[in-house]
Structures are given as structure tokens and as C-alpha cells.
There are 2 protein chains.
Amino acid sequence: MFSQRIVATYHVDSDASRIADRAKSLAIEQSVECPLEAVPDPELLETIVARVEDIAELTAGRFAVRIGLASATAPAEPGQLMNMLFGNSSIQQDVVLADVELPEAYLHAFGGPRVGLAGIRALTGAYDRAMTASALKPQGLSPDALAGIARQLALGGVDLIKDDHGLADQAYSPFAARAVAVGRAVREANATTGGRTIYAPNISGTLDDMRRQLDVIRTEAIGGLLVAPMIVGLSNFHAIVKEADGLVVVAHPALAGAARIAPPLLLGRMFRLLGADATVFPNFGGRFSYTADTCLALAGAARNPWAGLKSCIPMPAGGIHVDRIAELLQFYGQDVMLLIGGGLLAARERLTEEASQFVMKVAAHGKG
Amino acid sequence: MFSQRIVATYHVDSDASRIADRAKSLAIEQSVECPLEAVPDPELLETIVARVEDIAELTAGRFAVRIGLASATAPAEPGQLMNMLFGNSSIQQDVVLADVELPEAYLHAFGGPRVGLAGIRALTGAYDRAMTASALKPQGLSPDALAGIARQLALGGVDLIKDDHGLADQAYSPFAARAVAVGRAVREANATTGGRTIYAPNISGTLDDMRRQLDVIRTEAIGGLLVAPMIVGLSNFHAIVKEADGLVVVAHPALAGAARIAPPLLLGRMFRLLGADATVFPNFGGRFSYTADTCLALAGAARNPWAGLKSCIPMPAGGIHVDRIAELLQFYGQDVMLLIGGGLLAARERLTEEASQFVMKVAAHGKG
């Protein structure tokens with residue numbers, strides 16, 4: 001089952017004269033991590049030591065190095081897979097983890113999104129159009145104040161409302177009190193409008209903490225959750241995905257770094273593989289540094305056909321304004337969920353109207 | 001208790017004309033994360049919005065920006081503290097998290113190393129000299145083969161033997177079988193020599209997995225453990241530290257990145273704060289990119305006096321050869337544990353002698 005090679009592509013800065021050696025040392029670093037003289041069993045040189053599959057020059061001084069890693073070293077355990085892909089090399093400044101091809105056994109073992117893009121459409125009734133999301137902010141508000149904002153957003157008809165990723169279990173807004181208050185506000189608003197807005201509170205802390213938070217989510221019949229996989233650890237993220245079956249799992253990119261692991265790989269492919277139904281990422285032209293190409297590649301990795309895995313819906317975010325809706329829907333197409341947080345919240349008492357405008361603009365796009 | 005500010009220092013690439021604005025936007029990103037018009041309660045502008053404390057030019061186009069973060073946003077929960085320090089900014093390529101000053105309440109809440117540097121000296125009997133460590137490699141060997149290597153290393157008298165961080169729970173070397181075999185080999189070698197070598201198997205996976213592995217460690221009376229905090233998540237790392245009381249906790253830098261969070265801060269100060277008794281890091285002049293200055297700053301952050309916290313012993317590693325012992329002990333002083341893995345293992349059947357040479361050279365250093 002796990003006898004095939006994982007093929008990882010690294011982008012490496014190097015002189016042309018040294019790239020062959022550098023590629024070999026990278027293969028050793030990410031497998032046996034010792035001089036080959038220290039490998040006592042010659043069979044391991046064949047079966048365990050990673051091998052350089054090929055080297056291609058990308059630009060002067062930058063190479064794509066494809067390395068075949070033995071699947072046996074990385075059982076289908078998310079943290080260990082990441083460890084074998086980039087554990088030590090993450091500390092070497094000349095290397096970026098650019099892409100990974102995984103044997104199908106990993107896809108079956110990890111399973112990908114449980115709800116997925118089509119599942120979110122079914123839950124929200126949002127067929128045939130792009131989707132909308134907003135965020136509860138700012139830090140410092142009480143559960144009731146946040147519930148008030150959520151009510152307005154839900155009355156405005158956004159498909160999904162997530163906690164700001166900074167909302168955790170603070171004294172001014174304990175997780176349980178917030179999830180209960182916001183969950184009820186959203187449910188009441190849904191009852192008023194006949195809408196189906198999903199709420200995704202942010203879970204955080206240890207796996208124990210997250211399980212307690214998941215209990216609150218279940219008890220309150222809340223439909224989703226937000227989690228930052230790179231902060232809680234990929235293994236714990238995947239454990240929660242398995243326990244949150246039926247809930248919409250939204251992944252947040254906090255602590256994901258700018259570029260040492262290519263964003264399409266980490267936030268698109270890896271988070272999807274481990275079960276994110278939706279993946280938040282910084283949109284181009286906002287206050288983050290991703291390019292349009294990176295964003296499109298990330299969206300593709302999240303939603304394009306990939307063996308039997310469900311699609312994960314891309315959620316561009318980070319300072320999007322409503323006046324960019326047409327441009328962004330043109331760019332991403334309709335299999336996207338636009339996340340506008342701060343740009344709506346500044347409307348304050350006109351928040352419902354502002355949210356409603358956002359929703360209508362998205363729904364009307366392309367319906368000419 | 002948590003009313004004081006956390007002061008985070010970021011290094012920011014910027015034009016001089018734009019740094020004031022960039023610093024303000026960074027303060028917003030790491031606190032309310034929305035336009036200030038969207039903050040409905042004016043009190044929050046004072047209490048919750050982070051503030052720029054000062055800005056100093058480091059070099060042309062690079063600035064040290066000190067930002068005061070409200071402690072209330074980051075309760076003493078390791079993942080959330082990291083989230084508020086660098087969650088979103090980690091995705092902005094112009095920013096490095098360089099340093100953090102924490103109110104004392106965090107030190108009390110997290111507690112730092114439980115065993116600490118002096119505790120490791122007491123456990124191993126290694127007073128008045130630098131300490132020695134080695135690693136079990138390569139990937140692919142069976143528990144018995146690894147136990148054979150461990151026996152030789154322990155007979156040679158190294159103070160600590162850790163699993164290679166790539167050893168997890170693979171089919172060819174399941175955690176429990178490995179820990180039992182190696183633990184017994186080290187215990188037998190200790191009985192033979194009268195030595196007190198500590199074994200630190202690598203624990204990994206979800207918090208549940210790590211607890212099961214910790215049970216094996218306890219049952220087998222093994223003295224330590226290795227864990228990669230950035231892979232398992234800082235919160236779970238700290239949970240394990242609390243449950244591993246009395247065991248030597250060795251932190252591994254896998255997935256810690258090259259430099260977006262300054263290594264002295266992350267691998268020195270933060271890992272120590274959360275309870276690492278020893279911290280492995282890539283030594284200068286090896287196959288990683290840290291400079292001598294970075295290594296010395298990291299060692300200082302790990303071991304220098306810091307309020308009431310115990311010291312964490314620095315463990316430089318990564319391609320160290322025995323011929324550098326004198327140089328490195330001159331450089332680090334004696335409060336260090338030199339980790340030589342591959343450089344010893346290439347000796348194969350002469351491993352005990354090679355390890356013994358390593359131990360004697362370290363013990364003899366500076367004894368004229």
C-alpha cells in the first residue's frame with residue numbers, strides 16, 4: 001500500500017555547478033539524515049534513502065528538484081508526513097517546498113473534505129452562484145455584542161459567518177458563551193428570513209480543548225467551525241476533522257508563513273487532503289503579498305478534481321471591498337466563497353443593508 | 001494579572017517614508033484585524049487595539065518596530081499567544097518576529113522547564129563539564145538494530161541518546177517496540193558501566209497518540225522524550241510537558257522555519273518558556289544557515305537567567321564532527337550538550353570507542 005514513492009518538488013537556490021550535490025544532500029536530509037557511510041544495511045540505500053528523480057533549471061540560480069521519498073518513512077499520519085516532506089529542510093534558507101505528488105493510498109487514508117464544496121451548497125441552498133462569508137470582529141467585544149453583529153450579517157443573508165481567527169477563549173469572550181450567543185442569534189435570524197446561514201466558531205488550544213469546544217458546537221446545533229491547522233498541528237487538525245463529521249470545517253492560514261511552503265500546496269492541497277471543506281487565504285491586491293497567480297493556483301488546488309476527493313471551497317479574504325466583487329468573481333469563477341469582514345463591519349448600524357448588498361451583488365453576478 | 005502589554009519586536013522591511021503607516025497596520029493586524037472605523041466601542045481603541053511603542057531604523061530599509069499587544073487578547077494558552085504574536089503577519093513577507101517581552105504572569109502560567117539544565121546534570125551526574133548526546137539513525141532500521149546502536153552509544157558513555165526526529169511510528173520501527181527495545185538496551189548498558197545515559201524517544205502524532213507513547217515511556221522507566229513543538233502544535237507540546245513531569249523534554253526544531261521567527265526567540269525563549277529542558281538547533285558551520293551570532297543568542301535565550309525559570313540546555317547539532325569539540329566548547333562554554341549523530345554512527349562496529357572518545361574529549365576540555 002505504502003510502497004510507492006512520494007515525489008516532492010523543492011525549489012532550490014544554487015549555483016548550477018553545485019545543484020547535483022545540493023539535491024543529493026536534500027534527499028539525505030529528508031530521509032536518513034546521516035552520511036551514507038552510516039547506513040549499515042545496503043538494502044536501506046535502495047528502499048529508504050530518498051532519491052533525486054530529476055533537476056530542472058527554473059531561472060538562473062534556481063532549480064526545481066524532484067525527490068522521491070520512501071512512503072514507508074511517512075505513514076499516513078499528517079505531522080509525520082509534513083516532517084518527512086519539510087521538517088529539517090524548513091530550516092535551510094535556500095529551499096522551498098513547492099509541490100508534492102502522493103500515492104493514492106494517502107488520499108484514501110486522509111479522506112479529504114467530508115462536506116466539501118457541493119455539500120456546503122446543499123447546506124446553504126446556494127446553487128448556481130458564488131458564495132459569501134463574513135467575520136465576527138473586532139477582538140474585545142462581548143459574546144452579546146458579537147451575537148448582535150452576527151444577527152445583522154445573517155439577516156443580510158451571507159452564507160457563512162466565521163469568528164475572527166483571533167477570537168479564542170478570552171476572558172471578555174469565552175468560547176462557550178460566545179458560541180452559544182452567536183449560534184442562537186444566527187439560528188433566530190435564519191428562522192426570520194428562511195435563510196440557512198452557517199456559523200463557524202474558532203476552535204483552538206490543545207486537542208482536549210478543541211474537543212470541549214466541539215461539544216458546545218454539537219450541543220448548540222452549530223453548523224461549522226474554524227481552525228488554524230498550522231497552530232493546532234496538522235495531526236490534531238485531522239483528528240478534529242474526523243470527529244466533526246457533518247460540520248463545515250473552515251481552515252485558517254494563521255502561522256502558515258509567507259512562502260517557504262508554496263501556498264497552493266499548503267493551504268490548497270494539504271489542507272484539503274486533511275479535510276478542510278473551505279480554506280481561507282489572503283487575496284491578491286489586499287494587505288498580503290500573494291500574487292494573483294498564487295491565488296489562482298491555490299484555488300485550483302483546493303477545488304479542481306483530485307482523484308476521488310471532494311472539493312474544498314476557496315475563501316479569498318484579507319481586506320476585500322465590495323467594489324471588487326465583479327472583478328474577483330470574474331477571476332475566480334463561481335466556485336468560490338468571498339470573505340468580506342472589516343469592509344462590511346465599518347457600516348455599523350447599516351450592517352444588515354451592507355451585507356445584503358454584498359449578497360445581492362454576488363448573486364446577481366453574471367446573471368446579466 | 002494579564003492587564004500589562006506584551007511587547008513584540010518585529011523587523012520590517014520598508015521605505016522610511018512608509019514605516020509609520022506600516023507599523024500601525026501591523027499593530028491592527030495583530031489585534032483587532034479590521035479598519036478602526038469598524039471598532040464600535042471607543043474603549044477598545046485603548047484597551048484592545050495594539051499600539052506602536054517605537055520604531056528604530058536598523059539598517060537602510062529595515063526597521064525594528066516595537067508593538068504593545070493587549071495581554072487580554074492572548075490568555076496563557078500557547079497557540080493563542082503565537083496566534084496573536086504572528087498568526088497573520090507570518091503571511092506578510094516583509095515582517096520577521098524578532099523578540100517578545102512577556103509580562104511575568106505568562107512565566108508563572110507556562111512555568112518553563114520542569115527538569116532544566118541543573119536537573120539534567122543531577123540525573124546524569126554530569127557536573128562541571130559540558131554534556132554529550134547522540135542520535136539513533138538511520139531511518140529504516142528495526143527496533144533491535146536501533147537498540148544495538150543505542151547500546152554501543154551508552155557503553156561509550158554519552159549523556160543522552162535521542163531518536164532521530166524522523167523516527168515516528170513506522171511499520172519497520174513501531175514506537176512501542178522501539179522504545180521498549182532501546183530503553184532496555186540503554187538500561188542494561190547503564191547497569192554494565194555504572195553510567196546514567198538518558199534515552200529520549202521521539203513522540204509524535206495527535207495529543208492522544210503522544211499520550212499513548214508517554215505511557216510506554218513511563219512503563220519502561222525511560223528518562224526522556226523528544227518532540228517537535230512546531231509539528232505537534234505549541235499547545236499540545238505544553239500539555240505534554242505538564243504530563244511528562246520528571247522526564248527530560250527535548251525540543252526538536254523540525255518545521256520551525258529558517259528565520260521568519262527569529263531562532264533565538266522561537267527555539268530558545270519560547271520553547272524554554274513552554275517547558276523544553278533541552279533544545280536542539282542547527283549549529284553554525286554545518287549544513288544549516290544559522291550564523292555563529294544566531295547560535296550564541298539562541299543558547300543565551302535558552303540558558304541565561306530569566307526571572308525564576310529554570311535553564312534549558314542548548315543542544316547544537318547538524319553535522320558536528322568530533323574535531324570541532326574544542327572549538328565549540330570554547331564558543332558555547334560548558335552549559336551546553338553537544339549532539340553528534342551521523343558523525344559517530346559512520347564508525348559502525350567501532351561505535352562504542354568513537355562515542356567514548358567523544359565523551360572523553362568533552363570531559364577533558366579545559367581541565368588542562
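The values are calculated or read from the model by the stated rules, or taken from the named source; none is laboratory data. Model, not experiment: these values are computed from the prediction. Reconstructed Cβ throughout: ideal geometry from the backbone, glycine too, with neighbour counts over all protein chains shown.
State all residues of segment A:303-324 that are assigned to a helix (DSSP H, G or I) and crowded, with 21+ Cβ neighbours inside 10 Å; if no residue qualifies, say none. Answer for segment A:303-324, where residues must be assigned to a helix (DSSP H, G or I) and crowded, with 21+ Cβ neighbours inside 10 Å: just A:303. Are any of the residues in segment B:55-76 polar (S, T, N, Q), more than 14 Å from chain A (Cβ to nearest Cβ), over 21 Å from residue A:257 (Cβ atoms) and under 30 Å from the mean Cα position of the chain (by Cα)? Scanning segment B:55-76 turns up at least one residue that is polar (S, T, N, Q), more than 14 Å from chain A (Cβ to nearest Cβ), over 21 Å from residue A:257 (Cβ atoms) and under 30 Å from the mean Cα position of the chain (by Cα).
For segment B:312-340, what are the residues that are under 21 Å from residue B:197 (Cβ atoms) and among the polar types (S, T, N, Q)? Across segment B:312-340, the qualifying residue is only B:334. The set of residues in segment A:127-141 being assigned to a loop (DSSP other than H, G, I, E, B) and crowded, with 21+ Cβ neighbours inside 10 Å consists of A:130, A:137, A:138, A:139, A:140, A:141.
In this structure, residue A:265 does not satisfy being surrounded by 24 or more Cβ atoms within 10 Å (Cβ to Cβ) and more than 15 Å from residue B:90 (Cβ to Cβ).
Can you name the residue in segment A:246-259 that is buried (at least 24 other Cβ atoms within 10 Å of the Cβ) and within 14 Å of chain B (Cβ to nearest Cβ) and is also modelled with the lowest pLDDT among such residues? Ranking the qualifying residues of segment A:246-259, first place goes to A:256. Is there a residue in segment A:275-292 that is buried (at least 24 other Cβ atoms within 10 Å of the Cβ), of a type in the set (Val, Ile, Thr) and away from every other protein chain (no Cβ under 14 Å)? There is no residue in segment A:275-292 that is buried (at least 24 other Cβ atoms within 10 Å of the Cβ), of a type in the set (Val, Ile, Thr) and away from every other protein chain (no Cβ under 14 Å).
Residue count for segment A:213-246 under the criterion of being in contact with a helix residue (DSSP H, G or I) (Cβ under 7 Å, 6 or more places away or on another chain) and more than 30 Å from residue B:257 (Cβ to Cβ): the result is 5.
Taking every residue in segment A:83-101 that is among the aromatic types (Phe, Trp, Tyr) and pairing it with any residue that is in a helix (DSSP H, G or I), at least 6 positions away or on another chain, yields no pair with a Cβ-Cβ distance below 6 Å.
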